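Heads up: the structure comes next, in structure tokens.
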Amino acid sequence: MAQEPVNPGEVVLGEEIKHARLITLNRPRQLNVISSKVVYLLSQFLEKWEKDDDAKLVIFKGAGRAFCAGGDLRMFYEGRSDDSCLEVVYRMYWLCYHIHTYKKTMVALVHGIVMGGGGAMVVPLKFSVVTEKTVFAVPEASIGLHTDCSFSYILSRLPGYLGEYLALTGARLNGKEMVATGLATHFVPSEKLQELEKRLLSLDSGDENKVRSVIEEFSAAVQPDEESVLNKLSTINKCFCGDSVEEIIKSFESEAGIEGNAWIAAVLKGLKRSSPTGLKITLRSIREGRKQTLAECLKKEFRLTMNLLRSVISGDVYEGIRALSIDKDNAPKWNPSTLEEVTSDNVDLVFQPFSAELELKIPAEESCRWDGKYENSVYPNLQGKN
């Protein structure tokens, strides 16, 4: 059994139970969204435990009805004028690298919503357990952002053009679909999740075969439902291989009239309501991600996020957050308002490399694996100077 958390009011709880380590994202009323404090504490725990020979197994879970709904949109909106979100952005991308390359066995127990950056704490792990109540999506493009937190790397490696589809449409996948696509490793009915957690904690081992064996005692083989988007991959591949967002939408429209494709209409409606800038940047990022390493993807995504939050070519991200989370009118006024107005030159601007000191610092050598922290970068001195 897990011991009582030392500080139940903290946004991230870290418990040490024999050789197991348990991380609980603990902002249930906010669906465990990611803030600067959340990312800072996660980094602290993970670095400490990776260096601790007594720590063998790390388990992630979320309190309440969500695992993690991604970044704290209100935090970004409130920091729009003074670069106050520099810290969470830098820390999150730096942390993503360490989660992908972590040296200890990690398990995510994913109950409920997992979106955007929340997925970066799930998909890269050796073991990610989902349930019938799990809902996954990467909806950033729809609000003028881009598919971030290593997802240009992850999605570009899915079969065919499914990654482009998920990134551009923000389509949701359930737990069965996550397992089928490889975005999760095991499906466990929700009523068994708590017992699985107890078993993993009592296992007292990080041996991958032993961990897998325990999870498989609780897991069930699953197939996507008949109406699943995964059974429509031939259409998705045909349309989302297009060289531009305009081509993709045109191709998708032509497929919508074919018998059996009634599902396309709602997806098209969502696509057309999304930020034109967000869509174009997202497509290019995913396409580049197909040929990039994890480190290259993270450095690129960091630049994109910084440039979009600084409204280098558009303020759409703040308009999208306003419409979704602040005024909640769901009527964003994009600028530019059409795909045709988003020029290649403007898109090029947000992809340009930063000067060396402003780039995300990802350790090149294992011996300095935890170097490059935010506090040791130039960014703390830049807050409020934009």
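Where a number appears in this text, it was derived from the coordinates with a stated rule and is not lab data. These numbers come from a predicted model, not from an experiment. Note that each Cβ is placed from the backbone with ideal geometry, even for glycine, and that neighbours are counted across all protein chains shown.
Inter-label distance, VAL378 to GLU10: 3.4 nm, where each label sits 7 Å from its Cα along the C-beta direction.
Taking the Cβ of THR282 as the centre, find all other residues whose Cβ is under 13 Å away and add up their charges (Lys, Arg: +1; Asp, Glu: -1). Taking every other residue near THR282 into account, the sum is -2.
What pairs from LYS272/LYS333; LYS61/LYS300; LYS48/LYS373 go past 18 Å between their alpha carbons?
With Cα atoms farther than 18 Å apart: LYS61/LYS300.
Please report the net charge: other residues with Cβ closer than 15 Å to the Cβ of LYS126, K and R +1, D and E -1. The answer is +2. Computed about its Cα centre, the charge dipole of the chain is approximately 260 debye, with only Lys, Arg, Asp and Glu carrying charge at their Cβ. With the cut-off at 30 Å, report for the chain the share of all Cα pairs above it, as a whole percent. Percentage above 30 Å: 38.
Counting other Cβ atoms within 10 Å as a rough exposure proxy, the listed residues HIS98, HIS19 run HIS19, HIS98 from fewest neighbours to most. Each Lys and Arg Cβ is given +1 and each Asp and Glu Cβ -1; about its Cα centre, segment 298-386 then shows a dipole of about 280 debye.
Based on C-alpha pairs under 8 angstrom that are at least 6 apart in sequence, segment 12-379 has a relative contact order of 18 percent.
Take each peptide in 61-67, 187-193, count the other Cβ atoms within 10 Å of every residue, and average; sorted highest first, the result is 61-67, 187-193.
Overall shape: oblate for segment 30-84, with the ratio a/c of the largest to smallest alpha carbon gyration tensor axis at 1.5 or above and b/c at least equal to a/b. Take every DSSP beta bridge whose two residues both sit in segment 12-379; close to 25 percent of them are antiparallel. Scalar couplings 3J(HN,Hα) for segment 73-83, obtained by applying the Karplus form with A = 6.51, B = -1.76, C = 1.60 to θ = phi - 60°, are 5, 4, 4, 5, 5, 5, x, 5, 9, 9, 6 Hz; x denotes Gly and Pro. Taking the fewest neighbouring Cβ atoms within 10 Å as the starting point, the ordered list for ILE34, ILE264 is ILE264, ILE34. Taking square-rooted eigenvalues a ≥ b ≥ c of the alpha carbon gyration tensor, is segment 88-174 rounded, prolate or oblate, where a/c under 1.5 means rounded and, failing that, a/b exceeding b/c means prolate? Verdict is oblate for segment 88-174. Note on SER311 and ARG172: their simple-model spin labels are 3.2 nm apart, each label 7 Å out from Cα toward Cβ. A simple count of charges around GLY163, restricted to other residues whose Cβ falls under 10 Å of its Cβ and scoring Lys, Arg +1 and Asp, Glu -1, yields +2. Ordering ALA120, ALA69, ALA108 by Cα displacement along the dipole of segment 23-141 toward the positive end leaves ALA108 in first place; charges were set at the Cβ atoms of Lys, Arg (+1) and Asp, Glu (-1).
The slack in the chain from SER337 to LYS250, taken as 0.36 nm per residue of separation less the alpha-carbon distance, amounts to 29.6 nm. Neighbour counting of Cβ atoms within 10 Å sorts the residues LYS333, LYS232, LYS176, fewest neighbours leading, into LYS333, LYS232, LYS176.
Overall form of segment 245-367: prolate. Here a/c, set by the Cα gyration tensor axes a ≥ b ≥ c, is 1.5 or more, and a/b is the larger of a/b and b/c. By the helix-only formula, in which each DSSP H run with n ≥ 4 contributes -39500 (n - 2.57) and the sum is divided by residues, the chain has a 222 nm mean residue ellipticity of -11500 deg cm²/dmol.
In a fully extended conformation the segment linking ASN261 and GLU227 would gain 11.1 nm over its present Cα-Cα distance, using 0.36 nm per residue.
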